[in-house]
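These notes concern the structure reproduced below.
The values are calculated or read from the model by the stated rules, or taken from the named source; none is laboratory data. As the structure is a prediction and not an experimental result, all values here were calculated from the model. For neighbour counting, all protein chains shown are included, and Cβ atoms are generated from backbone atoms with ideal geometry for every residue, glycine included. Side chains included, ligands, DNA and RNA excluded: accessible areas come from the protein's heavy atoms. Shrake-Rupley method; radii C 1.70, N 1.55, O 1.52, S 1.80 Å.
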Amino acid sequence: MSEETLTTNDISEAPTTLDSPQANPPPAPAPAPAPAPAPAPAPPAASSTQSAKHVVAIDQLSAKHQTLRKYEEQRRAKNKKQFDSNNLYWKSFRGLLNDAVLETDRALEIVEARAIIDRHYAESLEAIGMGNVDDTNHPITSLSSSSSKSKQKKKKRIQADKEDSGFAARRGSLFRMNSEGLLESRAASELGMLQQLIMTHGDCAARYNENVTVITNEILPDLQNLVKNLSEEVVSIAAYGDAIMLELEAAELKVQAAYNVYATAAAAGLAGGEGGGEESKQSQEKASDELVENSVCVWIDEMKYTLSVVLLQRVWKAANEKLGELFNRMKNLEFDRRVKMQELMILFMQRQEQLWVALPAIQGPCLKGLTEKAVERSQVDEDIGSAIRTGAQNIQLSQTTKEMAEAGMGLGGGEVEREEDRERSSSSAVTVAELDSPLKSALLGKAKVIEKRKEGMMGGWKPALALVTADNFLHIFEIPSAAKVQSGSAPEVAFNSLIPDVEVPEVADVEALLKRGKALPTNPREVVRDWHNLMHPTMSVNLPNTKIAFLPKSSDSAFEIEETVKNHGASAMFSKTSKRKIVLRAVSQEEAVDWIVTLKAQR
């Protein structure tokens, strides 16, 4: 406050000037026996008092606005840093989820491909043993689909070599001519000295077929289910985590929007306050029935901003709890996956051991390594934590490299820039203090829990939080019955009962949307929650447009407020204004008198 500004007390105690007609009255003549006493100084004009109050309110608004502006700058910087950190780790977390799916899918590829190869190899061995080969000695494994083609080839070959005396010698005794003139394999009993070799191919093919059967029936189904279930879980976890991060972005946007509304209202109030003294005088000179319009209550916008910050903190708390649950869920999922993977890979390698019994140098170390390496919970937790940290560092490095490339910076320039960033970051560490309750605002004059009469002739009484602001408004918040707040309760208790609960997505909701094929929000502005509307008064009364009186018939502590309001729409065709009556009841008659005095002082 400047030295020229006087408070209300300063005005009431300020000495009158020499030019004032009430100051220093002339003394009574000497011969008069009883001089008349000097008249008491006249009270200061109402307009002067109102002007001083207006100046005080503007000073309070200016100080509060500066405090909140600095707070909001610090809060945004801190929130951005915190969100960026969480987002970085969430991206790394998603990368770990993706790696888990890729590793499991890779295992499925190996086992399934091995089964396919072993089946083809078994068929090839069978074809060799049966003599089903083409002209280039490649085994013909699909007799059902290639039978006609192979028969045509063999028929042409037989016709071409029928009269060749060396045919039987070249082909040996593996084949014979049937009644149709086609070449077919001989029975094993007819083969003579090649019988053991052919039987060896058959035995080998049988062992490969047995291995394929075990893999197909015992390993592949479990591995396919593991991949399917893991993929579904990862999709659910990723979608839920994305929804949580989007919720934080949406909540931050709502807080910024609430501050922008407050800042606009405060700036308008301060701009209008430069000529506030003259405006106050003109307002007092208006006729008592003239309507005061276009009034703005800055406290309401301040209260909504403060409330949005509190709710944002609650959203962060709930979101962190949900992300923690998601992290634990991922650790359990990864532990179960590794255990199941180990079981299936051991079973697979044991089957290969029976097949590779002649190749211990290849099979032995692999099976030994799988068997001796135990899956431990502590090791899984450590691996996941390390992977997330490493992934976050890689993502951050990738982003920094991309930004440097876009800016056309070399490696040397990048190092200098990062060093400057570090110095700037260390010199401007953000420390955000907690905001005071809106009930402690300098723009709030009075706050009490009283009763408001319901509408209608037989209307009862309902508890309500009544607040008087420096902008000459009376705001009334009706309190729900579930809050168990009554007249005379502490205003803080009543105000806290009005604060809405925050919402964050639940896993079941996200999974239900995914099952129905519904698209999840991808833009934080698409997220809508009940608490985003913040708190609105049940009614707001512009006190300069009111008349206030006792209502002894209703109660010895009841009083009525009659407000003149401007009509809108069709009603304005018949009358420009109308009357609105509100009946309130205080705890006691003394409290009611105090309310009436307070409300009339704001007119």
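Here are a few things to note about the model shown:
- Counting charges near Ala387 (Lys, Arg +1; Asp, Glu -1) among other residues having Cβ under 10 Å from its Cβ returns a value of -3.
- Residue-normalised convex hull volume from the C-alpha trace of the stretch 469-534: 151 Å³ per residue.
- Between Asp594 and Glu321, the simple spin-label model (points 7 angstrom out along Cα→Cβ) gives 3.8 nm.
- Virtual spin-label span in nm between Asp501 and Leu197, 7 Å along Cα→Cβ: 8.3 nm
- Within the accessible surface of the stretch 453-561, defined with a 1.4 Å probe on protein heavy atoms only, the carbon and sulfur portion equals 50 percent.
- Nearest-0.05 FRET efficiency for Arg389 and Asn225, computed from C-beta distance (R0 30 Å): 0.40
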